[in-house]
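All remarks here apply to the structure that follows.
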Amino acid sequence: MPKRKSLVFVAAAIAVGAGLLAFLLLRPRMPDFGRLRGERDYNVILITVDTLRADKVGCYGNAFVRTPTMDAFAARGIRYERAISQTPLTLPSHTTIMTGTLPIFHGVRDNGGFVVPSELVTMAEAFKAKGYDTAAFVAAYVLDSKWGLNQGFDTYFDKFDLSRFEKISLAEVQRPANEVIDEALGWLEKKKTGKFFAWIHLYDPHTPYAPPEPFKSEYPHSPYLGEIAYTDSQLARLWDFLDRNGLRDNLFLVFASDHGESLGEHQESTHGFFVYQAALHVPLIIATPFPELQGRTSRETVGLVDVMPTVLEMAGIPAPAEVQGKSLVPSFFLPGAAADRLAYSETFYPRYHYGWSDLRSVQDGRFKLILAPVPELYDLDRDPGEEKNLVYLEKKVFEDLSARAGLLMEEAGRNALEVDLQKVDEETREKLAALGYVGSFTDSSKLQGRKLANPKDKIGVFNALSKARETGMDGNFDEAVRTIEAIIKEDPMIADAHFSLGNIFTKARRFKEAVESFKTSLEIKPDDSFAVINISNAYQAMGQYDEAEKYVLDYMAKGFGDSQLFFLLGNLMVHQNKTDKAVSYFEKCLDGNPRSASAHNGLAAIYLNRESGGDLLRAEEHLSAAAAINSTLLSLRYNTAQLREKQNRLAEAADLYLQEIADSPKSFKAIFNLSRVYRLMGREDEEFDALQKTIAAEPEFPIAYFYLARIELRRGRDFEKAIALVKKGIELKPAPADLPLGYFLLADLYNRVGDVVQAGEYARKGQAALATAAAQAKN
């Protein structure tokens, strides 16, 4: 009897087990992204459109702009209604996107002057480590490789030519979307097999708003919307290419903006100064080929800091340990699963540029707290325009968000990276200073203990100074000077006001006044090497070379040792042809900064151009050292081309000059040198073409006229034209060493046309000029 009961019990257990197994097998399976992806490797494209606020996109509810491509992305993916930028500045925000860390941790707080720490693992590095081909195509100089976001990219399309600019705001150095898309499509054409990660950055919605036709005419009263519509039309080219080549079905596409644009809200015309929603609320769309995840909307509050961990989990790649964002993948199938997320944002622009307070904010989906000298609290559901400050009416909410913000910032800042503000190469810093870029930063430690002004109280001053700076650099000097002097009278401690005034005086060639303005700026920001560079440049412009050297040395004697300043002194000596002193200063620059590619490049240039053919071995050593440190240095390729020319490796020299010209079309010296290489190679037609392009790039370059005339003489055709060319070159006052060539050409040409008197006269002038040049060379 016991045995029978036992059998009954076993049978019952088997039945229950079978039923449970059937339930487990037949019940609806919980969605799982890993199951959707399977073992397949998907390509990934990240698109970031600069300065695109969410409420100016069709799929985010804007009925006044046509964005069919962006809308198509949303139809194919998950659209996040409440995506928040961590900072309204391009480089810091993209650093957050690419590293999954907050600015508190990665330390990149502004455009220019900051370099992404190499210790961080970027999204590109994570993909590259898994065998993906990686490429980036960027549209703005603020994302140039020199700022460090190129880490992990096999291809990084930047190539911005600063020589085209007479003045500079970093924001102005950009390229249109069609050029970026052209480059991206050219790369993608070669990547139809294999796996890749590509980042495409478009900049058109950024100021200045200048949409091309037909978008200019279609949006006559809102050029900002015109830029967005134009950008969408270029994204359509990418989307169509992916469709035609069968790449959409094997693609994860992430579409986002780095920050928005204020467009006058809170009196802020653009972005960067405040942390209101207009500059922080951005589109974020994650598109996949999976029908389960298409046409969906999420209302959870997320940040751009979440992009990297999300993309990596989608690709099945572990996130680096330092990542602070949270993957959104777990909530793909459960909208609102992370409703308690807290989004952090900040701007340090007012602090670094004006000595006013930085601004930080946190928001939880409904309430938003701005941490400022006068804190602000807004109910975003009821007051999306952030007009009514509830900080005194919602005390409990204020206290709760303040506590959570403090905890978030403390945790995010733990083991934060130190950013070296001196990592930007000396040549670039000198170029930016000479172009009038206001990019100096006050050491934050020097502001400790001071009561800093609330940026909200200073927006009028900020707007007036910004307008005056543009007015002055556009040539309206007197109006700009009056405005800035009035600002200084009201607040004499705004270093950027004095610096901007110095830039305007420099532009007006009022160098003595420029020196005084830069010196005053330096008194407020004693560690500002940009001001020192500009003081030195002003002294040079007045012909006071000794005073320039003395000023820089006296400044350094006060304890402000900076490799940049030794580089500056080296260039000062080069301009005076004091090459031995230049070598000494460049070597001191290397003592202070052994990784100064600029100093190596400067030394190479000196060794290249020394008498008796130069010291080519030492030039090669320094060029190799420079290239190993920074292969994108401004004049590195140009100097390497000169070296190859002197080594009689003419084909290599020509190729390098052509590359230099492609990147810097106005580099007339590179074009002229190319003409010389063609002459040495016996390619006269190409020499002639290069000489004409030299004059087009720089009409006041005398020696090019001489060599054009020489070709006309050799061809025996239009002697009168050749005579006119030589006389034009002589009018332009060529260097003493070049002048004899002009006179001897005229002597030959007049002899050819039968004017022996003129021929004899110019022959005598040529002999005299030759003697003068020889005497000067001895001295």
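If you go through the stretch 582-590 one residue at a time, do you hit one that is without any contact (Cβ under 8 Å) to a residue 24 or more places away in the chain, acidic (Asp, Glu) and assigned to a helix (DSSP H, G or I)? Scanning the stretch 582-590, I find at least one residue that is without any contact (Cβ under 8 Å) to a residue 24 or more places away in the chain, acidic (Asp, Glu) and assigned to a helix (DSSP H, G or I), so the answer is yes. Taken over the stretch 496-526, the criterion of being among the small types (Gly, Ala, Ser) and part of a helix (DSSP H, G or I) is satisfied by Ala497, Ser500, Gly502, Ala514, Ser517, Ser521.
Annotation: Glu213 fulfils all but one of (1) assigned to a loop (DSSP other than H, G, I, E, B); (2) open to solvent by less than 10 Å² (accessible area, probe 1.4 Å); (3) of a type in the set (Asp, Glu); the unmet one is (2).
Residues of the stretch 243-285 that are open to solvent by 10 Å² or more (accessible area, probe 1.4 Å), closer than 21 Å to Asp71 by Cα and not in a loop (DSSP other than H, G, I, E, B): Asp243, Arg244, Arg248, Asp249, Asn250, Ala278, His281. Residues that are of a type in the set (Lys, Arg), in contact (Cβ under 8 Å) with a residue 24 or more places away in the chain and closer than 13 Å to Val44 by Cα do not occur anywhere in the stretch 108-120.
Taking residues in the stretch 372-385 that are more than 12 Å from His266 (Cβ to Cβ), and partners anywhere that are buried (at least 20 other Cβ atoms within 10 Å of the Cβ) and among the basic types (Lys, Arg), the pairs with Cβ atoms closer than 6 Å and at least 6 places apart or on different chains are Leu380/Lys368. Take the stretch 124-164 and flag every residue that is among the basic types (Lys, Arg) and either at pLDDT 95 or above or open to solvent by less than 10 Å² (accessible area, probe 1.4 Å) (or both). Within the stretch 124-164, Lys128, Lys130 qualify. Against the definition (under 27 Å from the mean Cα position of the chain (by Cα) and among the aliphatic types (A, V, I, L, M)), how does Leu242 come out, yes or no? Judged against the criteria, Leu242 is not a match. Which ones in the stretch 391-411 are part of a loop (DSSP other than H, G, I, E, B) and closer than 23 Å to Glu300 by Cβ? Answer for the stretch 391-411, where residues must be part of a loop (DSSP other than H, G, I, E, B) and closer than 23 Å to Glu300 by Cβ: just Glu394. Anything in the stretch 173-210 that is open to solvent by 30 Å² or more (accessible area, probe 1.4 Å), in contact with an Asp or Glu (Cβ under 7 Å, 6 or more places away or on another chain) and closer than 24 Å to Gly131 by Cα? List them, or say none. Answer for the stretch 173-210, where residues must be open to solvent by 30 Å² or more (accessible area, probe 1.4 Å), in contact with an Asp or Glu (Cβ under 7 Å, 6 or more places away or on another chain) and closer than 24 Å to Gly131 by Cα: Lys191, Gly194, Lys195.
The values are calculated or read from the model by the stated rules, or taken from the named source; none is laboratory data. From a predicted model like this one, the values you see are computed outputs, not experimental measurements. Here the Cβ is made from the backbone with ideal geometry for all residues, glycine too, and neighbour counts use every protein chain on show. Keep in mind that these areas ignore ligands, DNA and RNA; they rest on the heavy atoms of the full protein, side chains included. Shrake-Rupley method; radii C 1.70, N 1.55, O 1.52, S 1.80 Å.
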